[in-house]
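The block underneath contains the structure these notes are about, expressed in structure tokens.
The values are calculated or read from the model by the stated rules, or taken from the named source; none is laboratory data. Everything numeric in this text was worked out from a predicted model, so none of it was measured. Every residue, glycine among them, receives a Cβ derived from its backbone with ideal geometry; neighbour counts consider all protein chains shown.
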Amino acid sequence: MLGELRAYPRAFWVLFFGRLLNSIGTSIVFPFLTVYLHDTLHANLAMVGLVLLLQGIAQVVAVSLGGLLSDAWGRLPTMFLSLGAGALATLSLAVIGAPVWIVVLVVVRGGLMPLFDPAAQAFVADIVPRENLYPAYSLQRVAGNAGIILGPMLGAFLLQHSFSILFLLSGAIALSFGILAFWLLHGSETREHGNTGPAGLSLSLLRDPFLLTVTGLFALVSLTYSQLYWVVPGYMTVYLHLPASDFGFLAAENAVLVVALQMPLVALSRNWRPERAIAIGAALYGLGFLLMAPLRGFLPFLLPVAVITVGEVLLSPSITSLVASRARPEDRGKAIGLVSLANRSGSAVGPLAGGSLLTVGGPWVLFPGIFAVAALATFGWVRLLRLPEPQAQPANLSS
């Protein structure tokens, strides 16, 4: 494994440490954004929810646009745009006090920050050989989750002074990473893509039934996983009357386990087909949520969250490596953007679906219902596993 890590190009490690920094900067803000909007806008939670909905819509659009731009314009320019313009929007939130402009900046920031991911994931596929994509994306996830562990703790400490400090530091980190990436990565991008024009999704993607099936199944998987961060916290506090801080510990458990388990599970599963890892991950999602149904105290929730996290560790890098390795270099960003759109869409529908099930019948309707969705997704991935493995696309590696 150590020799393999040394074989990754310098550009990969620049992106690895940059993702760690960027994750810290982003997670300094996002856990406290609801409180910030409530306090600064002097609005009720329904109005805050509307602002966050607009931000979510902007994010859904951005992940698709990020893939389109990365193919038509280039991976690095798209990343620089996201980091630079996103940093300026974040820094502006530190000094702007007018409610209308706060709403505008939150939504604009939501449409700028997600441009980074499809471009960065496509860039990794450009510079790393196909057989190493699974561990490469796993390492990127380790960096992102390590940042999620550190960022909220730093944000909670700084919040004792003011919200402005959170936005100043978050924007400064994003801007610094953008400058550092431009300095270290400039000239490292291959140009086999970037010649398809901004005409939208390539027809070859829309004619690929495998990719469209993957997109639909991943939307189901994302709907399932979204319950963990949107519905389960409400269930624990409203139905079980547990303190809100309890879910904070479960979220920390999730991030810590991702960092601890990601690379050991890569060593275990790297010779599997991605569809197999995704099917097992989806099944673990369903099992984890089903285990939650009879639980009434905090400590028992540690087990199902651990089960779900193992599924996440197997599933998330596998879906990216599957799509990135199958797509042609000139379509890679768009393909990743399409799957990212499925992820965001499933996550957007998830709270409504889970909240409705919980309202109708409580935990004995919610958790078996989510299990059924996960089981349907698992069945779909198992069916895909029976298809012949596609041939690798021609390598597109930087020197």
Fill in the blank from the handout: When segment 271-289 is checked residue by residue, the ones that are among the basic types (Lys, Arg) and not in a loop (DSSP other than H, G, I, E, B) are Arg276
Problem - Filtered residues of segment 339-391 (kept if among the small types (Gly, Ala, Ser) and outside any helix (DSSP H, G or I)) - result: Gly362
Practice task
State all residues of segment 214-248 that are at pLDDT below 85, farther than 16 Å from Glu312 by Cβ and of a type in the set (A, V, I, L, M, F, W, C); if no residue qualifies, say none.
Solution key: Val238, Ala244, Phe247
Practice task
Output the residues belonging to segment 341-352 that are at pLDDT below 90 and either aliphatic (A, V, I, L, M) or touching an Asp or Glu at 6+ places or on another chain (Cβ under 7 Å) (or both).
Solution key: Leu341, Ala348, Val349, Leu352
Exercise for the section: Please find, within segment 169-209, the residue that is modelled with the highest pLDDT out of those that are more than 30 Å from Leu158 (Cβ to Cβ) and part of a helix (DSSP H, G or I). Expected result: Pro209
Handout entry: Identity of the residue in segment 159-168, among the aliphatic types (A, V, I, L, M) and at pLDDT 85 or above, that ends up surrounded by the most Cβ atoms within 10 Å (Cβ to Cβ)
Key = Leu166
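Each row is one residue, and each column tells you yes or no for (1) surrounded by fewer than 18 Cβ atoms within 10 Å (Cβ to Cβ); (2) small (Gly, Ala, Ser); (3) within 29 Å of Leu133 (Cα to Cα).
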{"site": "Ala267", "(1), (2), (3)": "yes, yes, yes"}
{"site": "Glu275", "(1), (2), (3)": "no, no, yes"}
{"site": "Gly286", "(1), (2), (3)": "no, yes, yes"}
{"site": "Ala293", "(1), (2), (3)": "yes, yes, no"}
{"site": "Phe298", "(1), (2), (3)": "yes, no, no"}
{"site": "Val305", "(1), (2), (3)": "no, no, yes"}
{"site": "Arg326", "(1), (2), (3)": "no, no, yes"}
{"site": "Gly355", "(1), (2), (3)": "yes, yes, no"}
{"site": "Gly361", "(1), (2), (3)": "yes, yes, no"}
Practice task
Give the residue that is farthest from the chain's Cα centre (by Cα), with candidates limited to residues of segment 252-270 that are under 17 Å from Leu20 (Cα atoms) and small (Gly, Ala, Ser).
Solution key: Ala260
Practice task
Would you mind finding the one in Val349, Val305 that is of a type outside the set (D, E, K, R) and touching a Ser or Thr at 6+ places or on another chain (Cβ under 9 Å)?
Solution key: Val349
Exercise for the section: Return only the number of the condition from (1) surrounded by 20 or more Cβ atoms within 10 Å (Cβ to Cβ); (2) closer than 25 Å to Ser245 by Cα that Asp71 does not satisfy. Expected result: (2)
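For every residue, the table says whether it meets (1) under 23 Å from Ala156 (Cβ atoms); (2) of a type outside the set (A, V, I, L, M); (3) in contact with a Cys (Cβ under 6 Å, 6 or more places away or on another chain).
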{"position": "Leu15", "(1), (2), (3)": "no, no, no"}
{"position": "Gly18", "(1), (2), (3)": "no, yes, no"}
{"position": "Phe30", "(1), (2), (3)": "yes, yes, no"}
{"position": "Val35", "(1), (2), (3)": "yes, no, no"}
{"position": "Ile57", "(1), (2), (3)": "no, no, no"}
{"position": "Val60", "(1), (2), (3)": "no, no, no"}
{"position": "Pro77", "(1), (2), (3)": "no, yes, no"}
Practice task
Kindly check whether there is at least one residue in segment 12-30 that is surrounded by fewer than 17 Cβ atoms within 10 Å (Cβ to Cβ) and closer than 18 Å to Ala125 by Cβ.
Solution key: yes
Practice task
Determine if segment 318-327 includes at least one residue that is assigned to a helix (DSSP H, G or I), at pLDDT below 95 and more than 25 Å from Gly147 (Cβ to Cβ).
Solution key: yes
Practice task
Go through segment 223-247 and give me each residue that's assigned to a helix (DSSP H, G or I), surrounded by 14 or more Cβ atoms within 10 Å (Cβ to Cβ) and touching a residue at least 24 places away in the same chain (Cβ under 8 Å).
Solution key: Leu223, Thr224, Tyr225, Ser226, Gln227, Leu228, Trp230, Val232, Gly234, Tyr235, Met236, Asp246
Handout entry: Counted residues, segment 328-343 - those being of a type in the set (Lys, Arg) and surrounded by fewer than 22 Cβ atoms within 10 Å (Cβ to Cβ)
Key = 1
